[in-house]
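Read through the structure below, which is laid out as structure tokens, and then see the notes.
The values are calculated or read from the model by the stated rules, or taken from the named source; none is laboratory data. As the structure is a prediction and not an experimental result, all values here were calculated from the model. Positions of Cβ are generated from backbone atoms using ideal geometry, with glycine treated the same way; all protein chains shown enter the neighbour counts. Quick note on the areas: whole protein, heavy atoms, side chains included, nothing else; ligands and nucleic acids left out. Shrake-Rupley method; radii C 1.70, N 1.55, O 1.52, S 1.80 Å.
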Amino acid sequence: MGHRAIGRALLQGLVLTASCGRAPEVDPQLAGRQAGYAAADEALRTRFADGVSFGDSRLEVSRGAAPGYVPDWTCRECHDFDRSRSLGMERSFHTAGPEAVVEDFEDASYFHEPSARHYEMAYEDGTYRVTRYQLDDEGARYNQLSREVDSVIGSGHKGRVYLYRTPNDELFQLPLAWYAQEGIWRMAPGYERADHSGFE
């Protein structure tokens, strides 16, 4: 079962619960996976309850939704923080915004022939927005959908892909990508097929 199918199943369950007061049936496979994730997180919280050794000292680590991480400042002990901020690695994942725009938006569109869909990326007032649409025989748009970009993956040295956040606070990838070395917009890896998952 894919992420979208799981999301739909959970949403349908919430709607049923709200409308009739009965708890939805739980998919045993999904419940088993969720229990496994929870057990793994709890094991990390236990393992790092007293922090981790770092030289002669102990560092506290995160214990919340993502247990086992050290604070950013810890890395400064060994890494030149000012220099690392200029490296691609430092900018490989970030919130979409005006701080690190490298894309060319003059011709930020692409027609994906296998799916007969057009894609456009716009940037205005610090906001990225992807639009998908198709054209009828008269050239009028239909099946149009737009999503605001929430996060960017990629420093922009080679390329970038974009993520949007659902109302359930999940991140999904958008089909359009920026290929910096060629200076072009094309489908993201995995979205070249006619039957790609697209976005909702």
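A compact table of results
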read-out: For Q134, net neighbour charge (Lys/Arg +1, Asp/Glu -1) across residues whose Cβ lies under 9 Å away; value: +2
read-out: Surface accessible to a 1.4 Å probe, per residue, for the residues of region 153-200, Å²; value: 51
read-out: Inter-site label distance for L135 and A39 at 7 Å from Cα along Cβ, in nm; value: 5.5
read-out: Calculated FRET value between A31 and D56, using beta carbons and R₀ = 30 Å, to 0.05; value: 0.10
read-out: Taking region 90-151 and dividing mean pair separation by its residue count, relative contact order in percent (alpha carbons under 8 Å, at least six apart); value: 28
